[in-house]
Structure formats: structure tokens, C-alpha cells
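Just below is one structure, and these are the notes that go with it.
The values are calculated or read from the model by the stated rules, or taken from the named source; none is laboratory data. Since this is a predicted model, take the numbers as computed values, not measurements. Cβ placement follows ideal geometry from the backbone for every residue including glycine, while neighbour counts extend to all protein chains displayed.
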Amino acid sequence: MLAKSWASCTIVGVGDTDSKGTLEVIHGSMLGGKTEYMIARLRREESAGKRVLAFKHTIDDRYDADHLVTHRGDRFDAVRVPDAYTILQRCADAEVVAVDEGHFFKAALIPVVNELTRRGVTVLVAGITFDSWGRPFDPMPQLAEMADEEIIRQAPCRVCGEPAPFSQRMTPIATEFMIGGADDYEPRCADHFVPFSEPPEER
Ligand SMILES: [Zn+2]
């Protein structure tokens, strides 16, 4: 969807290129297939001959530290970085840059995405729409607003089967970060989502 109006009014000056990059944002509930979608998208770019690089946050050590991994076990090579700025330092000449679990990188991801698209890079960011308390999970809403393409992936609500934008925590929570596997969350629609009972930490 969404050809954003600003994308067509870039001012091209001396030294600029006209190959402004694009931003695709994939967001939804846990278990909605965001990483699955992203891996398929990256494989298409690779088979088209593009230099592709995927990043994940060092805090995300579920399953496998050096790959994007789906809950079903499909995997794609990934570079682990401690913060958003390091993505700029490590992306070299990649033409397609993917960032999984973008919410781990917080607001610092926004200027990094802007810089990459300015350089002409195709950027993909996947992340969770709402946190365990039902709050928009920054910076995903801001990135979705900036996106040239927004892809929403929602698993069926575990109670009623309707599309589920929310992720209900089913086990005790250790940090504000939503780190967990298939057993820790259930996708839930707005009618069946119950915010996590403990008060949220400040972000
Ligand atoms: Zn429901």
C-alpha cells in the first residue's frame, strides 16, 4: 500500500543520486509470521543478484545467535549488533538491509533507517505492533508511518480465530523486551487481549 507523498518530492542536489531507497515495514503479533515473510523476501532479493545483509539485536538470542530464525526453524544468516548505529557501521555495500525485531532497537533505529534509504538502500524492518501491555511498541508505529510499504502479519486469535494484532504474555516477564518463544505468547484479538498484570517499566 502507501506511496507516501514525501517519497516523490525528494530534492536532488549536487552529489545526490536519484536512487532513493525504500522502506518496508512488517509488523504484527507474535507468531504472525513476520520473520518468515522477511526471509522469503530476502531470498527473492538474493536470487535477483542483490547484496543482502540481515541484522538482529544481540539481546535476541532465541534459537540461534547468528541467524534470523522462524518459530518453525527456517533460518537466514544475520549479523548481531548491540545498537542501531552499529548497523550503519556494519552494512558495508549492502543493497538490501533487513532488521528483525526492530522494537529492540528503540527510537535510535529511525535516523539509521533514514540514512540507509538516503543512500539508496532497500530497508526492511520487522517488529511487534503492540507490547504485552497493549501499548504501541516504539519505534514500529513511527516506522510504519514512514514506510513505502506496510505489511501486517497477524496470527489468528487463540480464543476466537479472528486476526490478532495483540500478543498476550502467558508466562512471567523478566524485562520490557519481548523475548520469548512460541510458549510464552498467544496471539489475541482486541476482545480477548488482557494486558499483562504487572505494571510496565518506563521506556
Ligand atoms: Zn479473539
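When you go through ALA65, ALA107 one by one, which is the residue that is outside any strand (DSSP E or B), under 14 Å from the mean Cα position of the chain (by Cα) and surrounded by fewer than 19 Cβ atoms within 10 Å (Cβ to Cβ)? Reasoning before the result, please.
Working: ALA65 fails: under 14 Å from the mean Cα position of the chain (by Cα).
After applying the criteria, what remains is ALA107.
When residues of the stretch 127-161 are filtered for being out of contact with any Leu (no Cβ under 8 Å at 6 or more places or on another chain) and not in a strand (DSSP E or B), how many remain? Selection size over the stretch 127-161: 19.
For GLN168, the requirement of being surrounded by 15 or more Cβ atoms within 10 Å (Cβ to Cβ), within 16 Å of the ligand (Cβ to nearest atom) and free of Cβ contacts under 8 Å to residues at least 60 places away in the same chain is met.
Every condition in (1) of a type in the set (A, V, I, L, M); (2) at pLDDT 95 or above; (3) more than 16 Å from the ligand (Cβ to nearest atom) is met by ALA190 except one, and the failing one is (3). In the stretch 85-94, the condition of being of a type outside the set (A, V, I, L, M), surrounded by 14 or more Cβ atoms within 10 Å (Cβ to Cβ) and either modelled with pLDDT under 95 or assigned to a loop (DSSP other than H, G, I, E, B) (or both) is met by at least one residue. Among the residues of the stretch 104-126, those that are modelled with pLDDT of 95 or more and touching a strand residue (DSSP E or B) at 6+ places or on another chain (Cβ under 8 Å) comprise PHE105, LEU109, VAL113, LEU116, THR117, VAL121, THR122, VAL123, LEU124, VAL125, ALA126. Here is the figure for the stretch 26-62: residues that are over 24 Å from SER132 (Cβ atoms), under 16 Å from the mean Cα position of the chain (by Cα) and not in a strand (DSSP E or B) total 4.
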